[in-house]
Amino acid sequence: MVFSSITFLFFYLPIVLLCYYLLFRKHKNTVLLIASLAFYFYGEPKYILVLVFSCCFNYLFGKLIEKKRQYATPLLIIDLFINFGMLFYFKYFGFFIENINSLLDLQLLVPNIVMPIGISFFTFQATSYTIDIYQKKVKSAKNLWTFATYLALFPQLVAGPIVRYETVCEELENREETRSLFAEGIGRFTIGLAKKVLLANVLGELVALLGELSTPTILAYWIQAIAITLQLYFDFSGYSDMAIGLGKMFGFHFLENFQYPLVAKSITDFWRRWHISLSSWFKDYVYIPLGGNRKGLIRQCINIFIVWCLTGLWHGASWNFVFWGIYFGVLLIIEKTLLKKTLNSHPILAHLYTFILIIISFVIFHFDNLSQLSTFLNGMFGLGNLSFSSQETIYYLRSYAVVLVISLIAATPLAKQLISRIDQYPHFSKLKDILEVVLYFCLLLLSVSFLVDESYNPFLYFRF
Amino acid sequence: MKDNLIIGEFIVFIFGFFILSFLLPDQEVSVSERRHLEKLPEFSFQKVMDGDYFKSLDQYFNDQFPYRDQFRWLKAQAQFSLFQKLDNQNIFIEDNQVFSLSSAWNEKEIKHFTDKLLEIKKRYLTSNQNIYYSIIPDKIAYLESSIYPKFNYPRLNQTISQQLNSQTGAGSSFHYIDLFSLLSLDDYYRTDIHWRQEKISHIARNLVEEMGHPYVSSKMEEHTFSPFYGSLYGQSALPIEADTLTYLSNDVLDQIEVWNYEKQKKEKIYQPQALTGIDAYSVFLSGPSALLEIENPNQEEGELIIFRDSFASSLTPLLIESYHHITLIDLRYIATDLLDDLVDFEGKDILFLYSVPVINQSSILK
């Protein structure tokens, strides 16, 4: 099930809210657990057992690592081996066989394995839990139901953010659902829904239309590349907003996953703002254990390279994701060694440099067919005898101009800054409150109208 | 106060529609979209485990959502007024007419179209048969505004002509009959993709005469039906003045019987009962049909086979007075392989009459 669907909004959510708020405190986690399993079962009936297995297995190993300290290291290794083994089997095994075949000229049967939705997310959450217990950062969950509620919690189950146990363990046992938190959650959820339905989906249509042009042009390639970037941003950050908002409706505080990444001043800055929960996972569980920046510049560069190869591969079993990761790894190393000072002293140039490199990165991300990717990149830079523009290109530019402008503005903190300025004038606060209420209602109404008549509504990050 | 209002509007909204979904009866058909709506899927363990059950359930909830048409209207308004889009899902309104954007040039599909024609010629036609082809432009071709990208018709004609006649060899060639210069925007419905029968007598005359046959047409009586909402009307989801559908008849046409191979029964040329159905355009020759045989007892000469799409349904009644026998074959509904047993091609004139959207998506031709 996806959040941006009629089924979720008007059937699943009312029933879950009703059950959750009508029952006593001690049953609330049970409601959330059943609701979360039902949520997963709706989208992936066959693989519900994989999720249940992951809950039981990691709970058991968490307890064992905590109780049997003398065997903690081998237990953790087994736990990681099983978790990443499952991830490898479901996500990478087919890709691995394909590459073995082409590398060694073999004809091994490539298995057609369907990947359980969200396996990358819940595997990373589960491993962060057992590693944190091993490092004595957290205590193990009180019981299996509490842990299963954490791991399967439907707001963040299938597309993140990657919520660490340490950030919600207290709230799992004892949380307070307040009116203001619930209202905050509604606001955040509505904004996320609008980002996804009114912007990401519409930009997705533009991407598809420009991909089918009878005569591609340089301008069309650039518009498409910008639209791909914005679509990915609003798709994923919209989902994170909805997850955070839903969390608040049930009394949880999930950490932020995006901080306006498209206004970053460097690629280093970008990765502090984009998919924060993933980059901090890799930082804490791979980069720092490898030595981080503590063992000299060369070792640091090697560590960065390893982390970014893995980050790329995490996004999918395809070479474009590996190249995407390497691309960022190389850029981060260049920034660290050469560009840091230049970027700091030329802010406008730094923004432009970062934005263009981000656009190119998401083009690499978008095309899992390498020959299409190469054609696209050549097209962007005018290689291949292309005209600059055409009637079709201008038509789509005009038709989607307002959506593109709204998207570009919405990707910046401009609205947030405006609101904090208004907050400085108390006599405007009533007007601001009314506008906020009206805005949420309008966004909800519009989003539903787009969902009812939907033609394009995939969640891009579901495949991870 | 603010928090209460936010919570109140959200709760009323989601619970309101949740309750309404159960209170309001399910709809069978969406008249504006001209399609059957999804019904509550039948439960089966197998379907649940395959995930098909939940997919159907999603579709069901979407289709049966309360005030669906009003939400579709709201979306269309938002697209045009708020986002200033020039079209909504490829549909736009200009000068009180609904248009569909031309699909992008598809080399592969166009090649498939000419290959299909060549395949039919090779399999079923002899070297001395007359073979004609004609292309019906979609109505956007006649729109004056230069904003909207249009299909490149000269390029299409040239491509098809080259592909057909480069492989003709010693056999008879395909003769092109131009319709592009004979049509205008006024010849099409405002809310539908099709041409209006009462406006295309000159097209019928031109086709018959270009095929070297005398054109015969008795005086026609006009039958009108209003309001006619065409397929583009529903897709636009916006209020626009309805069309009037007119069909032309006379004593000769009233007598003629049409053999429908699928239904295995004889029918009349016009089906007035279809006027009040989902697709009023089906008044012409019963709408989508794989294979029709029309015999005119008042005419002794002339046999024509038309490979066609839906445009021919309204055109054929205007041709039949000039022929003794017309066979209509719609390859969207019958495979080329099956024609061997069903159609006698010998000595008959052949006309391939297709609209651009079908040519550019010709893989639907079996």
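The table below lists the values:
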{"read-out": "Residue check, A:Ser240 within 14 Å of the chain's Cα centre (by Cα), surrounded by 24 or more Cβ atoms within 10 Å (Cβ to Cβ) and either of a type outside the set (Lys, Arg) or in the same structural domain as A:Tyr440 (by TED's automatic domain parsing) (or both)", "value": "yes"}
{"read-out": "B:Gly287 assigned to a loop (DSSP other than H, G, I, E, B) and under 29 Å from B:Phe92 (Cβ atoms)", "value": "yes"}
{"read-out": "Members of the range B:217-239 that are surrounded by fewer than 17 Cβ atoms within 10 Å (Cβ to Cβ) and either touching a Ser or Thr at 6+ places or on another chain (Cβ under 6 Å) or modelled with pLDDT of 85 or more (or both)", "value": "B:Lys219, B:Glu221, B:Glu222, B:His223, B:Thr224, B:Phe225, B:Ser226, B:Pro227"}
{"read-out": "So B:Ser103, is it small (Gly, Ala, Ser), within 11 Å of chain A (Cβ to nearest Cβ) and in contact (Cβ under 8 Å) with a residue 60 or more places away in the chain", "value": "yes"}
{"read-out": "Options A:Trp281, A:Trp274; residue that is touching a helix residue (DSSP H, G or I) at 6+ places or on another chain (Cβ under 6 Å) and under 19 Å from A:Ile359 (Cβ atoms)", "value": "A:Trp274"}
{"read-out": "Selected residue [under 29 Å from the mean Cα position of the chain (by Cα), more than 24 Å from A:Val403 (Cβ to Cβ) and facing chain A (nearest Cβ under 7 Å)] from B:Phe61, B:Phe13", "value": "B:Phe61"}
{"read-out": "Sole exception among (1) at pLDDT 90 or above; (2) in contact with a helix residue (DSSP H, G or I) (Cβ under 7 Å, 6 or more places away or on another chain); (3) over 27 Å from A:Ala225 (Cβ atoms) for A:Cys442, by number", "value": "(2)"}
{"read-out": "Yes/no for A:Gln424 being farther than 30 Å from B:Ser81 by Cβ, free of Cβ contacts under 8 Å to residues at least 12 places away in the same chain and not in a helix (DSSP H, G or I)", "value": "yes"}
{"read-out": "Check on A:Ala208, over 27 Å from A:Val438 (Cα atoms), surrounded by fewer than 21 Cβ atoms within 10 Å (Cβ to Cβ) and within 14 Å of chain B (Cβ to nearest Cβ)", "value": "yes"}
{"read-out": "Answer from A:Glu436, A:Glu392 - the residue that is within 12 Å of another protein chain (Cβ to nearest Cβ) and under 26 Å from A:Leu193 (Cβ atoms)", "value": "A:Glu436"}
{"read-out": "Complete set of residues in the range A:395-415 that are free of Cβ contacts under 8 Å to residues at least 60 places away in the same chain and either outside any helix (DSSP H, G or I) or more than 14 Å from every other protein chain (Cβ to nearest Cβ) (or both)", "value": "A:Leu414, A:Ala415"}
{"read-out": "Single match in A:Lys46, A:Lys63, A:Lys28 (criterion: out of contact with any His (no Cβ under 8 Å at 6 or more places or on another chain), more than 17 Å from A:Thr123 (Cβ to Cβ), within 14 Å of chain B (Cβ to nearest Cβ) and of a type outside the set (A, V, I, L, M))", "value": "A:Lys46"}
{"read-out": "Among (1) at pLDDT 95 or above; (2) in contact with a Phe, Trp or Tyr (Cβ under 9 Å, 6 or more places away or on another chain); (3) farther than 17 Å from A:Glu170 by Cα; (4) not aliphatic (A, V, I, L, M), the one test that A:Tyr129 misses", "value": "(3)"}
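The values are calculated or read from the model by the stated rules, or taken from the named source; none is laboratory data. No experiment lies behind these values; they were computed from the predicted model shown. Please note: Cβ atoms are built from the backbone with ideal geometry, for glycine as well, and neighbour counts cover all protein chains shown.
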